[in-house]
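Visitor: I am attaching a structure below and will ask some questions about it afterwards.
Derivation of every value follows stated rules applied to the coordinates shown; laboratory data play no part. Remember, it's a predicted structure, so these values are computed and weren't measured experimentally. Neighbour counts are summed over all protein chains in view; Cβ atoms, including those assigned to glycine, are modelled from backbone coordinates with ideal geometry.
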Amino acid sequence: MTIVKLRETIAQQEKRQDHIQTKVDALVAEAKAKMANNDKKGALFAMKRKKLYEQEIEKLENTKMTLESQVINLESATQNKETFAALKTGTEAMKNIRKEMDIEKVDDMMDDIKEEMELAQEIGNAIAQPVDLMPMDDDELLAELAELGAQDAEDSLLKKPAGREDLGLPAVPTKKLPAKKKTAQELEEEAALKELQAMMAS
């Protein structure tokens, strides 16, 4: 409100200054007219009144300058006050936030996050490991396989061949031996070869 009052006062000073300036202009015109009519005394009197009004205008200018300075200083002070209040509010807000999340709480939370991530990694690694439903010793299985092979060989030697007692040789097969069963890879290669031959023929 103080700034508003000061600005109103400045406006009043300017109106008064304009009014006096109008009188000064009129006195100048009056002095010129009296000189033209050889009324030197009247012309001098008009000039003296003009000087008085000009002094009043100068006073008004100085007063207006003082009022303008006060307005500027008050506006600056008001701005500083508002800035200070804003800074204070911001500082209090930061303090409240810091109380809610101090450095120790943040460190504890980050440790918890790290621990949970490591635990999740361990669980993932454990789940990804292959599961052996029948854990056995490979050496033991190889030994058992060798034993079976030796037993088959012994049984083969002890078995007496039928119809060839004199020579002790196995009988000559009279039937055509069954064709060797082709593997999936061989079948695939054969099909590819036939397709290639068909393409070349066409």
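Visitor: What number of residues in the range 1-35 are in contact (Cβ under 8 Å) with a residue 24 or more places away in the chain, polar (S, T, N, Q) and either more than 12 Å from I57 (Cβ to Cβ) or touching a Ser or Thr at 6+ places or on another chain (Cβ under 7 Å) (or both)?
Guide: The total comes to 3.
Visitor: Residue by residue through the range 1-15, note down the ones that are of a type outside the set (V, I, T) and in contact with a helix residue (DSSP H, G or I) (Cβ under 6 Å, 6 or more places away or on another chain).
Guide: L6, Q13, listed by residue number.
Visitor: So which residues in the range 29-51 are assigned to a helix (DSSP H, G or I) and either in contact with a helix residue (DSSP H, G or I) (Cβ under 6 Å, 6 or more places away or on another chain) or surrounded by 14 or more Cβ atoms within 10 Å (Cβ to Cβ) (or both)?
Guide: Those that are assigned to a helix (DSSP H, G or I) and either in contact with a helix residue (DSSP H, G or I) (Cβ under 6 Å, 6 or more places away or on another chain) or surrounded by 14 or more Cβ atoms within 10 Å (Cβ to Cβ) (or both): E30, A31, K34, M35, G42, A43, F45, A46, M47, R49, K50.
Visitor: Considering (1) farther than 30 Å from Q21 by Cα; (2) loosely packed, with under 12 Cβ neighbours inside 10 Å, say which one E58 fails and leave the rest.
Guide: All conditions are met except number (1).
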